[in-house]
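The block underneath contains the structure these notes are about, expressed in structure tokens.
The values are calculated or read from the model by the stated rules, or taken from the named source; none is laboratory data. Values in this document were obtained by computation on a predicted structure and should not be read as measured data. So basically every Cβ, Gly included, is an ideal-geometry build from the backbone, and we count neighbours across all protein chains shown.
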């Protein structure tokens, strides 16, 4: 009895290879979901009443804020976001929540506002550059710029040395 084997594999092994490659490729493209920031729960936010709590009480309920207002330290911001990213593609923001708590001069809660992703606005960035003084030299100018600028150094010798 002789056993022969066909090393080419045929359509069955080709189908298996294609199926495995497709499974690996779809597994590599799974979404990377991330939650970031300080997202206070609705139960804790409900405990804060304007005119009642102080900064210390808010900090013990919600923790330290993500940031404070740039020109006014009387407003605390609790910022959180959920993002999704597929492999090498750009990160997409799915949800954003900003809780702004304003305090009066005595340190008591004055107002609570909540902002979401829909409240945000796109800001166009300028691509201008600040000019610098002087010449901008190209590569050839830099390489050839020192030709002819060599000074002859004079050496003096002392007799007898």
| query | Among the residues of region 107-125, how many are in contact (Cβ under 8 Å) with a residue 40 or more places away in the chain and not in a strand (DSSP E or B)? | reply | 1
| request: Kindly indicate which of 2, 52 is part of a loop (DSSP other than H, G, I, E, B) and at pLDDT below 80. | output: 2
| If you take the residues in region 55-69 that are part of a helix (DSSP H, G or I) and out of contact with any helix residue (DSSP H, G or I) (no Cβ under 9 Å at 6 or more places or on another chain), which one is nearest to residue 105 (Cα to Cα)? | 55
| Check on residue 81, modelled with pLDDT of 90 or more and within 30 Å of the chain's Cα centre (by Cα) | yes
| message | Taking the condition of being in a loop (DSSP other than H, G, I, E, B) and exposed (fewer than 13 other Cβ atoms within 10 Å of the Cβ), how many residues in region 70-95 meet it? | response | 9
| So residue 13 clears everything in (1) part of a helix (DSSP H, G or I); (2) modelled with pLDDT of 80 or more; (3) surrounded by 10 or more Cβ atoms within 10 Å (Cβ to Cβ) except one condition, right? Which one? | (2)
| query | In region 30-47, what residues are in a helix (DSSP H, G or I) and either loosely packed, with under 11 Cβ neighbours inside 10 Å or touching a residue at least 60 places away in the same chain (Cβ under 8 Å) (or both)? | reply | 42, 43, 45, 46
